[in-house]
Each structure stands twice: as C-alpha cells, then as structure tokens.
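The values are calculated or read from the model by the stated rules, or taken from the named source; none is laboratory data. Predicted, not measured: the structure shown is a model, and the values here were computed from it. Using ideal geometry, Cβ is built from the backbone for each residue, glycine included, and neighbour counts are taken over all protein chains shown. The area values use the complete protein model at the heavy-atom level, side chains included, leaving out ligands, DNA and RNA. Shrake-Rupley method; radii C 1.70, N 1.55, O 1.52, S 1.80 Å.
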Amino acid sequence: MHPIYNYLRHRKDVSLLLAAFILLVIALFNPTIPVKRNIYSYIFAVDISQSMNVVDKTLNGKPVSRLVYIQDTLHKLVSELPCGTNVSIGLFAGVSVAALYTPIEVCENFDAINDTIDHFDWRTGWSGNSRIRASMPVLAKTIRSFPAPAQVVFFTDGEEAPKLHVFNREDLSAFQGGDDWLLVGVGSDKGTPIPKFDEHNQLIGYWANESFAMQPGIAQISEANIGSRNDSIANGESDRYLSKLDETYLQDLAKEINGMYVRADSVSSILNAMKKQKPARRDNANFELRWILATLAGVLFIFAYLPKHPVNELKMHWRNLINRRQAIKKET
C-alpha cells in the first residue's frame, strides 16, 4: 500500500483534520443545491399623502407623524424577515402605487431597503388626491408587471380625498387581484388636524374643513391635478379638518377585495397577519450548503483531538482522583 495511506490509516487525528480542511475549502465556494420551497415576496405600499403628516402616534414616548411611525415600523419589520424574502417598496399617492424597484432579497439588500425607508417624504407625491379604493386595480396591474408575483402590505390611514360619494366610488365587484392582500391601518381614533406645509416643508397652517367638503368634483386637496398650488389654510381651530384612522372603511375594503386588515399597533401583529398570507409562489431555490459543511468540519476537528476511548479515559481520570483523595486521608 501507499505509505501516505498507511500513515493516515494509523493516524486518525491527521485524517480527520485533513477531511475537515477539505470540507472548509469546499464551503468557501458556497455550493448550493436546488430545492422546492415557498417563495415569499412582498411590496410594502406606503401612503405618502398629506394626511400621513398628522401627528397622532408615539415612539419612545414622543409624538410623531403617521409617516414617521410607518418608517420605524418598516425598519423593524424588515429586520425580522428571514433571508430569502424578497421586498419591494412602493409609494402611494393619487390613484396609484409607484414601485421604486421590483422585489429584491432582503438580506443582500438590507442597507438599500432601509435607506429607501429613511427617505419617505410627502413631497415625493405626484398628486394631491388620495384615492385608496381606486388604487386597488392600478396596484394589481403594477404587480403584474413584476418579473414574479408579490403579496401586498398596504400602509394607510384610510383617508379618501376627495371623500367617496356616488359619483367617484370605484366599483370593485369584479376585482379579483386582492386575494390575501394586507391593509395596515395607521393612525389614532381621535381626530387630529392635518398640517399643511409649503414646498420647503415648513408648516404654514392646517387643512380647512372646506377642503374635504362633499362634492361631485375634486376637492381642494387635489390642487395638484389642476396644476396650481392652493396655500389657503383653516382660519381657526374650529375650521380645521380633523383626520383619524378610518378603521371601519379599511376593514370593509379588505373584505371586499378578499384581503385582510390589521392595525399597526405592533410589528408582531403585522408579522402574524403576514404569516396568514399565501406565499407569492412555489419555486426552486438554491439551498446553501456552506453552513452544513462548516459544521461537519467543526465536528471532525473536535473528534480529531478527542482521546481514542474518551469514556475509558474519563473513568480512569475519575479513579485516579478517588485514589488521590483516599491516599490523602490515610496520610492525615
């Protein structure tokens, strides 16, 4: 036989160390095998209309706006998602949700996703309207343009602007794209004035009641649709429009599209609701073997330095310890 083989056969420790080294080298190349598994892919759609600037939420004991509260919630939510989950961020204004990118893997793009969340700004909105109901078919069309399906998690206060009436209420009786979509309600039950900012994000006052008056046409909050800015504000506290979470409306809308609703009271409640959503698809995914190989290498490394008969060695050590104690007792 070859002398190296004879050497390895008699030196089990060297053989085990060599095997561990080979496994570690293979692990460096990050080998994978295709396995069939559920693929979880989401678009987090965030309402950036001006009602989301209402300060009626708290973080660490301090009052914050609904939009800031969503930012904090999304940061925590993204950090809880397991690797392999795909995430897209979409901004809602007017009647549509603009996806900033198609779903990307959360761990590899963790910093980029969180950077996107940090830069939410109501001034990014392309329309003064907030037509949540009418956005459902548009959002479904946006998702169909993705290279792969995605589930929806929609953060909003449920504030429709202009207010819904018989002339502008979208008919969703034939809508089939909202299965398992999750509507997340953000805001409080107490009415709070909607702040009005200028283009430099400086507070100039609060929205007036007349801005949301029921009418068959568009409301004043929709000035973006007519190409001019209206800087009129409420004349006093009694004239301010009070905004609150329209939970009943969002619950009814969720039922109508065969979706779900949850209040954004905690990250755990949102995660629990997301677990009830069906996976976006089932497909082959690469299962990484490097951690298995590294673990096996570690086990071989340990066995290489264990005694040939560890149980017997332990028994012998224990007997020697007892004999020493008995000898000490006799001497004393």
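Miscellaneous remarks
- Nonpolar atom fraction for segment 120-190, defined as the carbon and sulfur part of the 1.4 Å probe accessible area, stands at 51 percent.
- Long-range HN-HN contacts of residue 42 with modeled amide H, under 5 Å: 86, 87, 88, 151
- Histogram of C-alpha separations across segment 26-156, 5 Å bin width, %: 2, 10, 19, 20, 19, 14, 8, 4, 3, 2, 1, 0
- Over segment 83-180, accessible surface divided per residue gives 43 Å², non-protein components excluded, 1.4 Å probe.
- Using heavy atoms of the protein chains and a probe of 1.4 Å, the accessible area assigned to residue 85 is about 10 Å².
- The amide H of residue 161, built 1.01 Å from its N in the peptide plane, has 130, 131, 132 as neighbours under 5 Å, considering only residues 5 or more places off or on other chains.
- Straight-line cross-link partners of residue 57 among the aspartates and glutamates, defined as a Cα under 13 Å from its Cα and at least 8 positions apart when in the same chain: 72, 157, 189, 265.
- If you plug the beta carbon distance of residue 268 and residue 108 into 1/(1 + (r/R0)^6) with R0 = 22 Å, you get a FRET efficiency near 0.30.
- Sequence-distant residues sharing a close amide H with residue 183 (under 5 Å, placed H): 154, 260, 261, 262
- For segment 98-143: rounded, prolate or oblate by the Cα gyration tensor [a/c cutoff 1.5]: oblate
- Antiparallel bridges, percent of DSSP beta bridges restricted to segment 36-128 (to nearest 5): 60 percent
- Anisotropy class of segment 48-98 from Cα gyration tensor, a/c 1.5 cut: oblate
- In terms of accessible area, using a 1.4 Å probe and ignoring ligands and nucleic acids, 206, 241 rank largest first as 206, 241.
- Taking every protein chain into account, the accessible area of segment 242-298 amounts to 59 square angstrom per residue (probe 1.4 Å).
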